[in-house]
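Notes for the one structure printed next.
Only the coordinates and a few stated rules stand behind these numbers; no lab work does. Being a predicted model, the structure only gives us computed values, none of them experimental. In this analysis, Cβ positions are derived from the backbone assuming ideal geometry, glycine residues included, and neighbour counts consider all displayed protein chains.
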Amino acid sequence: MNESNAVAKTGQAGSSPSVPQSALTPAVDIVENDVGITLLADMPGVSRERLVVKVDGDNLTIEGSAEVKVPEKLELLHSEIRNPYFRRTFTLSRELDPSRIEASLKDGVLRMHIPKAEEARPRRIEVNVG
Amino acid sequence: MNGSFGLAGDFFPELARLQQHLDEIFQTTPTSIRALARGAFPAVNVGSSPETIEVLAFAPGVDPKALQITVDKGLLVIAGERKHEAPAQGENQSVYAKERFSGAFRRVVSLPDDADPMKVGARFQDGVLHITVAKRESSKPRQITVN
């Protein structure tokens, strides 16, 4: 839990430093079930310190820049990822509870769970026969 | 329940994603004939320093122990598999997006002639595989002094 808090910074608008113009859109998997939404995002090369997850109003933004140590005087021969800066924004709906988002990062994959507010979970209504 | 998680919440990121695909298609830097795969997993960058050839493979979520790296006849082969992770367990699941690659992959990088296949090192951190191939001694730049 403490680990996840280190990754999730909620409610800090505009906390990101210099934002480059172009950003790569990380590939995501998003699955919803009765208790909430789980999101997996590919952010290779992004360390815990460089990852920012923030909620601003209805918007959930994930962003981070990849950093890989390479020797100086490196001449690029072939590149499929030029500017390794990832950013993507999602819109959260009312029944989701942004204050209880859990996030963890492992091997460049961000995993987030966004729970639904208790009252929004589907429940079965018993019908009394009488 | 519909649209409870708006993927299209922002129009511009979607445009950016399209632009990204177009950039991949109309890439202007010359590439090797073996490196024409578009949107392949993992994405690979290759660079050259005076001492080494550096290969970066962006392979998030791959078990580094399951990676197979081989060098044969000047070709560096990175093979492995990324298993599909079930994001959550439970009933009444609805999938909104499944963009992440899953399955077996194999990428081949042709190394420059001066690469030394006997001196290859690899490490894996934060989902990036970083392979360093040393250059042959004879090909390193050196300065010739005039007597």
B:Glu137-B:Arg123 pseudo-label distance in nm [points 7 Å out on the Cα-to-Cβ vector]: 2.6
Neighbour-count order for B:Asp113, A:Asp42, fewest beta carbons within 10 angstrom listed first: B:Asp113, A:Asp42
Per-bin percent of Cα-Cα distances, the range B:78-147 [5 Å]: 3, 10, 13, 16, 12, 11, 9, 7, 5, 5, 4, 2, 1, 1, 0, 0, 0
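Residue separation times 0.36 nm, minus the C-alpha to C-alpha distance between B:His84 and B:Gln19: what's the value? Kindly include the intermediate steps, with their values, before the conclusion.
Numbers: separation 65, 0.36 × 65 = 23.40 nm, distance 2.71 nm.
20.7 nm is the gain from fully extending B:His84 to B:Gln19.
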Proximal lysines to B:Lys83, defined as alpha-carbon separation beneath 27 angstrom and excluding residues fewer than eight positions away on the same chain: A:Lys106, B:Lys65, B:Lys98
Simple spin-label estimate for A:Ser93 and A:Glu119 in nanometres, 7 Å along Cα-Cβ: 1.7
Computed label-point distance, nm, for sites B:Lys65 and B:Val108 using a 7 Å Cα→Cβ extension: 3.0
Within straight-line cross-link reach of A:Lys73, lysines at Cα separation under 24 Å, skipping those fewer than 8 residues along the same chain: B:Lys119, B:Lys135, B:Lys140
Inter-chain Cβ neighbour average for residues B:125-137, partner chain, 10 Å: 4
Rg(Cα) / (2.2 N^0.38 Å) computed for the range A:38-130, rounded to two decimals: 1.60
